[in-house]
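Read through the structure below, which is laid out as structure tokens, and then see the notes.
The values are calculated or read from the model by the stated rules, or taken from the named source; none is laboratory data. What you are looking at is a predicted structure, and each value in this text was computed from that prediction instead of being measured. FYI the Cβ positions are ideal-geometry reconstructions off the backbone, even for glycines, and counts take in every protein chain you see.
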Amino acid sequence: MYVEIRKAGFVNKGAALMLHAALQQVRKNLPAAKVVMEPGRANSPYPYFNRASLGLYQKAWLWRKGIPFGDLAGLVPAGIREQYGIVLDKDINVVLDAAGFAYSDQWGPDLSEELARSSKRWKKQGSKVILLPQAFGPFRDPRSREAVKAFVDNCDLIFAREQISYDYLTEIVGERDNIKIAPDFTNLISGPVPDYFDPEVHQICLVPNCRMLDKTNDSIAKGYAPFLERAAKALVERGAKPFLLIHEGEGDARLAEQVSKAVGGLPILRETDPLAIKGILGACRGTLGSRFHGLVSALSQGVPSLATGWSHKYQMLFADYGFSEGVLDINLSDEELNRALDNLTDPVQMQALSDRLNAHSAELKGRTQAMWNEVFALIEQGRSVRSEKPVAVAAGR
């Protein structure tokens with residue numbers, strides 16, 4: 001059996017965490033399955049070296065102007081394709097989409113249209129198509145809305161990560177048996193704490209996000225770095241030992257360097273292993289962040305956390321953990337900011353919040369396991385109908 005994990009990647013650490021989470025479950029529940037990813041160049045989210053290091057097969061997948069040129073790989077004898085680890089799209093049994101947050105007007109209609117087009121092809125081929133828990137919408141663009149109608153019809157299971165995403169889908173297509181709600185699925189995996197992490201030095205983790213500059217209005221974009229600087233200075237004044245963690249790329253790194261310099265030189269951790277990043281976020285005393293999966297990593301381990309965000313997914317995440325007030329307005333007053341920071345520095349408030357987060361985390365982990373049980377039950381049903389064929393999995397960011 002071939003299972004494709006799609007839209008997860010290696011550059012964005014949230015996407016990488018989703019890849020590890022999906023891969024772990026596939027190998028646990030389908031140990032004989034061969035896991036496949038689409039190819040990418042060295043500077044893409046899917047470089048060959050990273051895929052090869054995880055033992056992933058390469059899908060012959062190349063669309064240009066609506067034409068699937070990857071099908072030409074079918075002219076190569078099957079034995080040679082196997083020798084080089086190349087899998088045809090038509091041989092995929094299951095597609096797991098782990099996009100996280102891609103199908104929305106905030107990213108334009110092209111991604112939704114690509115899913116509509118590809119899922120139509122997979123459905124015709126008899127592949128099971130499952131959208132793992134992710135955020136959706138809004139969908140106001142007519143092109144996006146038409147694409148939603150198409151991909152909902154073509155997918156076997158669609159998991160919205162929260163109620164707002166669910167509502168964005170069902171407002172277009174109505175209630176459907178194949179549209180369900182399940183939490184982010186990276187909450188079941190754990191990560192090691194790197195040897196260089198010093199809990200005496202690295203106590204309150206600040207995780208910047210450059211999307212707060214280009215996915216928000218002008219007021220928020222201009223106020224974001226000053227907000228981080230205010231928060232960092234307040235933490236330094238409390239002796240809370242803040243540090244910065246790069247969760248993705250150069251954009252985040254530039255923000256971290258700006259904030260560090262403004263506050264007198266805070267430590268900056270640059271870690272490439274997504275599992276080690278999760279380990280760091282679980283080992284620190286508190287987090288103030290804007291990266292969604294960085295916040296999931298902290299909250300799911302009971303670490304007191306505060307957030308700023310650029311889409312509805314942040315508010316809904318904190319609601320899942322029973323701490324809606326943890327999502328902050330960057331324009332809050334110094335007095336309001338200091339009250340919020342008490343959740344990260346006051347021992348009594350920290351313990352109470354950690355207990356609350358752990359209680360909600362246990363319930364959410366149970367829901368994640370139930371989601372995976374449903375996914376693999378569907379795959380088993382498909383195996384009885386269809387002979388040996390690849391499975392494609394698409395994960396959400």
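Are any residues in the stretch 8-37 in a loop (DSSP other than H, G, I, E, B) and either surrounded by fewer than 23 Cβ atoms within 10 Å (Cβ to Cβ) or of a type in the set (Phe, Trp, Tyr) (or both), and if so, which ones? Don't jump to the end; show me each part of the working.
Just the residues of the stretch 8-37 that are in a loop (DSSP other than H, G, I, E, B), to begin with: 8-12, 30-33.
Matches in the stretch 8-37: 10, 11, 12, 30, 31, 32, 33.
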Pairs under 6 Å by beta carbon, first residue closer than 12 Å to residue 194 by Cβ in the stretch 272-294, partner among the β-branched types (Val, Ile, Thr), six or more apart or different chains?
-> 279/193; 283/193
Go over the candidates 333, 305, 361, 354 one by one and state the one that is of a type in the set (Ser, Thr, Tyr), out of contact with any helix residue (DSSP H, G or I) (no Cβ under 8 Å at 6 or more places or on another chain) and closer than 22 Å to residue 279 by Cβ.
-> 354
For residue 175, state whether it is assigned by TED's automatic domain parsing to the domain that holds residue 107, part of a loop (DSSP other than H, G, I, E, B), over 20 Å from the mean Cα position of the chain (by Cα) and of a type outside the set (Gly, Ala, Ser).
-> yes
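Of the residues 186, 170, which is in contact with a His (Cβ under 7 Å, 6 or more places away or on another chain), hydroxyl-bearing (Ser, Thr, Tyr) and part of a helix (DSSP H, G or I)?
On the way: 170 fails: in contact with a His (Cβ under 7 Å, 6 or more places away or on another chain).
When all the criteria are applied, what remains is 186.
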Pairs, please: C-beta under 6 Å, at least 6 apart or cross-chain, first residue assigned by TED's automatic domain parsing to the domain that holds residue 100 and in the stretch 160-172, second in a helix (DSSP H, G or I) and not hydroxyl-bearing (Ser, Thr, Tyr)?
-> 162/316; 164/312; 164/316; 172/145; 172/148
Within the stretch 106-122, can one find any residue that is touching a residue at least 40 places away in the same chain (Cβ under 8 Å), surrounded by fewer than 16 Cβ atoms within 10 Å (Cβ to Cβ) and out of contact with any strand residue (DSSP E or B) (no Cβ under 9 Å at 6 or more places or on another chain)?
-> yes
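List the helices (runs of 4 or more DSSP H) that sit entirely inside the stretch 312-385 and contain at least 1 residues that are assigned by TED's automatic domain parsing to the domain that holds residue 180 and basic (Lys, Arg). Step through it out loud before you land on a result.
Numbers: elements: 312-320, 334-345, 347-385.
Here the list reads 347-385.
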Kindly list the number of the only condition in (1) in contact with a helix residue (DSSP H, G or I) (Cβ under 8 Å, 6 or more places away or on another chain); (2) modelled with pLDDT of 95 or more that fails for residue 312.
-> (2)
